[in-house]
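Since the structure comes first, as structure tokens, the remarks are kept for the end.
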Amino acid sequence: MADTQEALPTEITVGGRTYEILSLHEENEKFVVVHAMVERAKKLRAHNDEKERKHLLADQHEIHVLCQDEVFLFTDDQPDNPEYAYHIHCIRCRRGPGWATWSTNRIWLDVELSDRYKVLRRIT
């Protein structure tokens, strides 16, 4: 029997900008601490900020439906509030019957994350 499940796209175009979808996990890693992900994102030139996050949210209807199980990290987007100095922002999809919406969340820098957490590297 053939596998009919579609694969996560490797690129998405949102609001006229094209992004490559990248994992920050190395071979055989199940979890990675967020502060290590920040360093890896910098090396990959996928260290996005608040402007990119807001751009994606503004045109979220263009984010591919297969991305709805992923969480996109914005590793250069730390909250201004000192209370959240040890966080970064991410966007994730929330779904219900007949609807889906992307929203911003914060993640602690010392939390370990699975491979569903990705970064986006802007191509165009």
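Since every read-out is calculated from the coordinates, none of them should be taken as a lab result. These numbers come from a predicted model, not from an experiment. We place every Cβ from the backbone using ideal geometry, glycine too, and count neighbours over all the protein chains shown.
If R₀ is 25 angstrom, what is the calculated FRET efficiency for the pair ARG121 and ASN81, using the beta carbon separation as r and rounding to 0.05? Don't jump to the answer; show the numbers that get you there.
On the way: r = 28 Å, r/R0 = 1.10.
Efficiency computed from Cβ-Cβ geometry: 0.35.
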(Q) Using only the alpha-carbon atoms, what does the chain span along each of its principal axes? Please give whole angstrom values in decreasing order. (A) 49, 35, 32
Q) What residue among ASN105, ASN48, ASN28 shows peak mean-square fluctuation when the chain is described by a Gaussian network model with Cα springs under 10 Å? A) ASN28
Q) Where is the GNM fluctuation largest for the chain (alpha-carbon springs, 10 angstrom cutoff): LEU22, LEU66, LEU56? A) LEU66
**Q.** Per-residue HN-Hα couplings for region 106-115 [Karplus 6.51, -1.76, 1.60; θ = phi - 60°; Hz; x = Gly/Pro]
**A.** 10, 10, 5, 5, 9, 8, 8, 10, 7, 6
**Q.** For the chain: relative contact order, % (alpha-carbon pairs under 8 angstrom, 6 or more apart)
**A.** 35
Q) Amide H neighbours of VAL111 under 5 Å, counting only residues 5+ apart in sequence or on other chains, H built in-plane at 1.01 Å? A) VAL34, HIS35
Q | Distant-in-sequence amide H partners of TYR117 (H built 1.01 Å from N, under 5 Å) | A | VAL71
Q) Among the GluC sites (Glu not before Pro) within region 5-83, which fall in a DSSP loop and have no more than 16 other Cβ atoms within 10 Å of their own Cβ? A) GLU6, GLU26, GLU27, GLU29
Q: Between LYS30 and LEU57, with labels modelled 7 Å along Cα→Cβ, what's the label distance in nm to one decimal, could you check?
A: 3.3
Q. Which order results if HIS35, HIS61, HIS25, HIS89 are arranged by neighbouring Cβ count within 10 Å, fewest first?
A. HIS61, HIS35, HIS25, HIS89
Q: For LYS54, go through the lysines and keep the ones whose alpha-carbon is under 26 Å away, minus same-chain ones fewer than eight residues off.
A: LYS42, LYS43, LYS118
